[in-house]
Structure formats: structure tokens, C-alpha cells
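Scroll down for the structure; my scribbles are underneath it.
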Amino acid sequence: MKPAEECETLEEVRAGIDGLDRELLALLGRRAAYVHAAARFKRDSEAVRAPDRVRAMLEQRRAWAQEEGLDPEVIAQLFTLLVEYFTRREQAVVDGRQG
């Protein structure tokens, strides 16, 4: 994949975006594995939700977004959606262990 500044056609730009999106999805798959691993250490719904951890994590993601020149609030919304999704997955693991 060419660096963005070296793309000479719209097709090259789109191929680059598609390649990055594929990498992002692979990274989300890796993140899911860590979420599954975290479930081994959690015994109840409160531990799964971990509201203090979520607040701190979102603040960190906002700061990282700012460093990358991205809108911190949009990135926080994106990560909020991801956390909700992964929390449901993690809760299912904990529930499965209990029942």
C-alpha cells in the first residue's frame, strides 16, 4: 500500500483506505481476545462494566485523538460504542461461567 501522499489516483487512495480498514478490523479482533482474557478475572457485572476504568480509558483516548489531530469527541463516541459492544461480549463470558 502506498503512503497517502504518494497516491496518484483515486483508486490507489481507496485501496489504501480499504487496506487500513482491514488492519483496523484485525486489531479489533486482537482486542476482542484481550477482552475475553479479562473476563477470566471478573466475577460479576460491576467488574465487567468497570465504570471508573471506562471513564479513564475514554479520557486517554480523547487525549490520543487530539495528539493525532482527530476530533476527541468523535473518537470518544467511537470508543464508547466499542466498549458497549465488548462489554456485552465480556458479560456473556462471565454469565456462561456462572450458569
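The values are calculated or read from the model by the stated rules, or taken from the named source; none is laboratory data. These numbers were taken from a predicted model, which means no experiment stands behind them. Ideal geometry is used to build each Cβ from the backbone, glycine not excepted, and the neighbour counts take in all protein chains shown.
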(message) What pairs come out if I take residues in region 1-21 that are of a type in the set (G, A, S) and pair them with residues that are surrounded by 12 or more Cβ atoms within 10 Å (Cβ to Cβ) whose C-beta lies under 6 Å away, six or more apart or interchain?
(response) G16/M1; G19/M1
(message) For the structure I just gave you, tell me whether Q91 is closer than 19 Å to L27 by Cβ, at pLDDT 95 or above and in a helix (DSSP H, G or I).
(response) no
(message) Considering only residues that are without any contact (Cβ under 8 Å) to a residue 12 or more places away in the chain and of a type in the set (D, E, K, R), which ones fall in region 45-67?
(response) E46, D52, R53, R55, E59, E67
(request) Within region 11-69, work out how many residues are farther than 17 Å from L81 by Cβ, charged (D, E, K, R) and in contact with a helix residue (DSSP H, G or I) (Cβ under 9 Å, 6 or more places away or on another chain). (result) 6
(request) Being among the small types (G, A, S) and surrounded by 11 or more Cβ atoms within 10 Å (Cβ to Cβ) is the filter here, so list the residues in region 1-29 that pass it. (result) A4, A15, G16, G19
(message) Considering only region 80-89, I want to know if a residue exists there that is among the hydrophobic types (A, V, I, L, M, F, W, C) and more than 11 Å from the chain's Cα centre (by Cα).
(response) no
(request) Those residues that are hydrophobic (A, V, I, L, M, F, W, C) and either within 15 Å of G96 (Cβ to Cβ) or assigned to a helix (DSSP H, G or I) (or both), I need them from region 7-22; list them, please. (result) L10, V13, A15, I17, L20
(request) Quick one: count up the residues across region 23-44 that are in contact (Cβ under 8 Å) with a residue 40 or more places away in the chain and part of a helix (DSSP H, G or I). (result) 7
(message) With the requirement that a residue be more than 14 Å from P51 (Cβ to Cβ) and aliphatic (A, V, I, L, M), what does region 71-96 give you?
(response) V74, I75, A76, L78, L81, L82, A92, V93, V94
(request) Residues being surrounded by 11 or more Cβ atoms within 10 Å (Cβ to Cβ) and in a loop (DSSP other than H, G, I, E, B): count how many of those fall in region 45-81. (result) 3
(request) Could you list, in sequence order, all residues of region 57-95 that are among the small types (G, A, S) and closer than 16 Å to E46 by Cα? (result) A92
